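> Sharing a structure below in structure tokens format, with a few things to ask.
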Amino acid sequence: MIYTPHDVMALPPSNFLRRPYIEQVTGLKRSSIYDAIREGRFPAPVKITRTASGWRAGAIQKWLQDPAAWRADAAENIAP
């Protein structure tokens, strides 16, 4: 199945998204995502379990609304 940014916008903000899904909806590859996280230009993942991480849909939704203007220091925390 091919996912689009529209699919992410329809999800509840508290849902978790894994990296392959993030890559598909953003068009960014793994290294670009982690570079952007280090530079504060992309939301950081959160721990889901001891061995798994993911992104909250709400954080990705905010990033998708205006990727060029999104900054980690200005982002609001998304409640679980």
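> Does Ser32 satisfy the criteria of being of a type in the set (Gly, Ala, Ser), in contact with a strand residue (DSSP E or B) (Cβ under 9 Å, 6 or more places away or on another chain) and at negative phi?
no
> In the range 46-74, what count of residues is obtained for those that are under 14 Å from Pro13 (Cα atoms) and surrounded by 15 or more Cβ atoms within 10 Å (Cβ to Cβ)?
Adding up the residues that qualify gives 11.
> Let me ask another. With (1) at pLDDT 95 or above; (2) touching a helix residue (DSSP H, G or I) at 6+ places or on another chain (Cβ under 7 Å) as the list, and Pro5 as the residue in question, which single condition is left unmet?
Every listed condition holds for Pro5 apart from (1).
> Given the conditions (1) in contact with a Gly (Cβ under 9 Å, 6 or more places away or on another chain); (2) more than 13 Å from Lys62 (Cβ to Cβ), and given that Ser31 satisfies all but one, which numbered condition is not satisfied?
The single condition Ser31 does not satisfy is (1).
> Oh, and also: Being among the hydrophobic types (A, V, I, L, M, F, W, C) and surrounded by 15 or more Cβ atoms within 10 Å (Cβ to Cβ) is the filter here; which residues of the range 5-36 pass it?
Within the range 5-36, Val8, Leu11, Phe16, Leu17, Ile22, Val25, Leu28, Ile33, Ala36 meet the criteria.
The values are calculated or read from the model by the stated rules, or taken from the named source; none is laboratory data. From a predicted model like this one, the values you see are computed outputs, not experimental measurements. Heads up, the Cβs are rebuilt from the backbone with ideal geometry, glycines too, and the neighbour counts pull from every protein chain shown.
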